[in-house]
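Read the structure below first, then the notes.
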Amino acid sequence: MDMNAHSIEMKGISIEFPGVKALSDVDFSMASGEIRAVVGANGAGKSTLMKVLAGANAGYTGSIFMDGEAKELRDPRTAKLLGIEIVYKEVDTALFPYLSVAENIMFNTLVTGMKGKAFVSWSSVRKSAREILERLKMDIDVSRKASSLTLAEKQMVLIARAVRERCNFLILDEPTAPLSLGEVEKLFRIVRGLKEKLGVGVIFISHRLPKLFQICDSLTVMKDGKVVANRSVDAELKTKDIVNLMLGRSFEENFPKVEVPIGELALQAKGLCDEAGRVKEASFTVRSGEIMGICGLVGAGKTELCKLLFGAERKKSGTIELAGKLIDVSSPTRAVRHRLALVPEERRKEGVLVSEPVYFNLSAACLGKFCSKLSFVKKRLELENATKLVAQLGIKTPSVQQRVKLLSGGNQQKVAVGKWLASDSLLYILDEPTKGVDVGAKRDIFQLIQGLAAHGRAVLYASSEIAEILAITNRVYVMYNGRFAAELATKETSEEDILFYATGGDK
Ligand SMILES: Nc1ncnc2c1ncn2[C@@H]1O[C@H](COP(=O)(O)OP(=O)(O)OP(=O)(O)O)[C@@H](O)[C@H]1O
Ligand SMILES: [Mg+2]
């Protein structure tokens with residue numbers, strides 16, 4: 001056996017939380033130098049299994065062997081010592097915002113080094129950090145503060161920190177979710193480098209199935225806390241087979257378009273600019289019954305535009321009319337009073353109250369709480385409504401009383417989306433509503449959105465996924481660099497067309 005080859009073998013792993021059997025009798029094994037995808041519907045147990053491997057789920061039963069030797073992975077330190085590192089989805093909270101890139105990468109050494117010695121050599125800290133970044137072909141200035149980095153850069157810093165010392169296995173939990181296409185390519189290059197040059201085994205959790213095929217050697221499919229298949233990735237393997245395994249039913253990733261009569265002008269915006277200068281002179285209309293798309297690459301200004309419309313970003317100039325009347329949406333409270341709804345992109349931070357139960361988040365009282373307005377609530381109605389939505393969206397939770405923070409990432413997203421979809425609003429502003437949700441849930445969300453349009457509501461759908469825009473919208477505005485570069489009828493346009501404008505093309 002190659003001296004540098006390593007192996008993981010997990011056998012009969014189970015773990016139970018109150019009311020949830022998150023893993024039952026799972027076997028999982030892999031070798032270093034391999035890139036493995038772990039896929040499955042929201043709540044299937046992917047993150048839970050990987051947390052066991054990273055020593056962050058101490059309560060598991062079953063056995064784990066590293067290089068053939070039985071090990072107990074009951075705390076993160078032990079996992080690290082065995083060369084297992086994990087980068088969680090929430091890259092924001094994993095860095096020290098006011099420390100430099102170099103300090104963040106070298107953090108562990110700084111702490112242990114200080115104990116032994118009386119001082120730290122800052123120049124050597126910077127030098128070591130620079131060397132690591134160069135080796136990994138990451139182009140980031142080590143003196144920058146972590147808070148000034150983009151999400152993609154933060155992720156790179158975390159990867160650099162993870163593989164700095166001996167790392168045999170690196171787990172990345174949904175690393176591509178916040179990235180643009182170009183950033184995904186860059187991440188893939190880094191991951192391939194880790195495999196080929198350093199012999200690291202990489203485990204990749206993701207919902208973007210087609211992308212995974214480009215990078216992974218093999219794939220593990222999970223469903224309801226179990227591993228249901230292991231496959232090697234080759235030309236034979238098709239997305240639809242994976243979806244079938246994940247959901248237990250066949251399912252094509254195309255969504256039948258529902259034709260809905262387009263009604264009166266609902267919203268008209270003229271010359272909108274935000275104070276930060278990231279939305280420039282945006283003018284557009286949305287009619288009732290219409291699903292209007294805002295497409296653009298990550299960073300084009302879609303999120304800022306959505307927030308601006310909802311009063312969550314400061315407006316510099318421009319006007320907004322609702323049903324022909326000028327409205328003032330200088331705060332989210334005002335926006336809600338005019339019956340606007342926003343499903344924000346950063347749902348964990350802005351979209352749900354994670355310490356509150358599911359039913360509360362799915363109720364109108366919750367909207368009140370977001371807008372600091374008290375209202376009298378009939379609890380029974382609230383529970384009924386929540387139970388209905390949980391079924392409609394397939395939210396996986398032991399009960400509507402469960403606190404949102406105990407749900408899987410994707411199910412938290414569904415709660416955040418469901419909450420607003422349940423509100424009785426005139427205009428729904430949806431910012432990347434399907435990010436992080438599995439393909440089945442995506443279809444459920446699409447159906448709800450189409451239902452809103454069928455009831456004469458107006459929908460603004462912002463997304464960087466062109467396929468989604470083509471599937472669900474009637475009309476699309478393409479944003480580039482804060483400006484509206486084109487207005488296209490969805491029926492008459494194509495992926496190439498949209499991409500052309502989204503990347504700064506001009507006809
Ligand atoms: N600490 C916890 N307490 C209670 N239930 C939990 C806890 N952690 C996970 N669960 C439950 O275990 C199940 C598996 O969750 P997990 O986060 O592993 O799913 P996942 O496959 O990563 O899903 P997603 O794609 O949505 O991220 C879910 O039903 C979840 O609600
Ligand atoms: Mg997860």
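Here are the numbers:
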{"quantity": "Which of H338, H6 has the fewest Cβ neighbours within 10 Å, and the rest in rising order", "calculated": "H338, H6"}
{"quantity": "Under 5 Å, built H, 5+ apart or other chain: amide partners of S29", "calculated": "M10"}
{"quantity": "Anisotropy class of the stretch 374-424 from Cα gyration tensor, a/c 1.5 cut", "calculated": "prolate"}
{"quantity": "DSSP beta bridge pairing in the stretch 427-507, given as percent antiparallel to the nearest 5", "calculated": "55"}
{"quantity": "Cα-based Kirkwood hydrodynamic radius, the stretch 185-255, one decimal, Å", "calculated": "13.4"}
{"quantity": "Stretchable slack from H455 to R231, in nm (0.36 nm times residue separation minus alpha-carbon distance)", "calculated": "76.3 nm"}
{"quantity": "Residue pairs, from the table K316/K414; K154/K195; K137/K223; K211/K419, whose Cα atoms sit over 25 Å apart", "calculated": "K316/K414; K137/K223; K211/K419"}
{"quantity": "Projected label distance in nm at W122 and E134, using a 7 Å step from Cα toward the beta-carbon", "calculated": "2.1"}
{"quantity": "Debye intensity ratio in log₁₀ form over the Cα atoms of the stretch 128-185, taken at each q of 0.16, 0.17 Å⁻¹", "calculated": "-0.52, -0.59"}
{"quantity": "Two-site FRET efficiency, S355 against T333, from Cβ-Cβ distance with R₀ of 25 Å, rounded to 0.05", "calculated": "0.70"}
{"quantity": "Cross-link pairs beyond the 18 Å C-alpha cut-off, checked among K307/K491; K270/K302; K21/K46", "calculated": "K307/K491"}
{"quantity": "Cα shape, the stretch 356-507, gyration tensor, a/c 1.5 rule", "calculated": "prolate"}
{"quantity": "Sequence-distant aspartates and glutamates (8 or more away, or on other chains) whose Cα lies within less than 16 Å of K238", "calculated": "D217, E252, E253"}
{"quantity": "Note, ³J(HN,Hα) from phi for the stretch 121-128, Karplus 6.51, -1.76, 1.60, rounded to Hz, x at Gly and Pro", "calculated": "8, 5, 5, 6, 4, 5, 5, 4"}
{"quantity": "For the stretch 182-187, Karplus couplings with θ = phi - 60° (6.51, -1.76, 1.60), whole Hz, Gly/Pro x", "calculated": "x, 5, 5, 4, 4, 4"}
{"quantity": "Calculated P(r) tail over 31 Å for the chain, as whole % of Cα pairs", "calculated": "49"}
{"quantity": "Under 5 Å, built H, 5+ apart or other chain: amide partners of F17", "calculated": "A22"}
{"quantity": "Percent breakdown of C-alpha pair distances by 10 Å bin, ordered from the shortest bin, for the stretch 1-98", "calculated": "14, 46, 31, 9, 1"}
{"quantity": "Table column - 3J(HN,Hα) (Hz), the stretch 69-81, Karplus curve with 6.51, -1.76, 1.60, x for Gly and Pro", "calculated": "9, 5, 9, 9, 9, 9, 7, x, 4, 4, 4, 4, 4"}
{"quantity": "Two-decimal ratio, the stretch 53-212, of alpha-carbon radius of gyration to 2.2 N^0.38 Å", "calculated": "1.07"}
{"quantity": "Sites K238 and I262 - FRET efficiency at Förster radius 41 Å, r taken between beta-carbons, to 0.05", "calculated": "0.65"}
{"quantity": "Whether the stretch 54-109 is rounded, prolate or oblate, judged on the alpha carbon gyration tensor where a/c under 1.5 counts as rounded", "calculated": "prolate"}
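Values quoted throughout were computed directly from the atomic coordinates according to the rules given, and no laboratory measurement underlies them. Treat the numbers as computed from the prediction; the structure is a model and nothing was measured. Note that we place each Cβ from the backbone using ideal geometry, even for glycine, and neighbour counts take in every protein chain shown.
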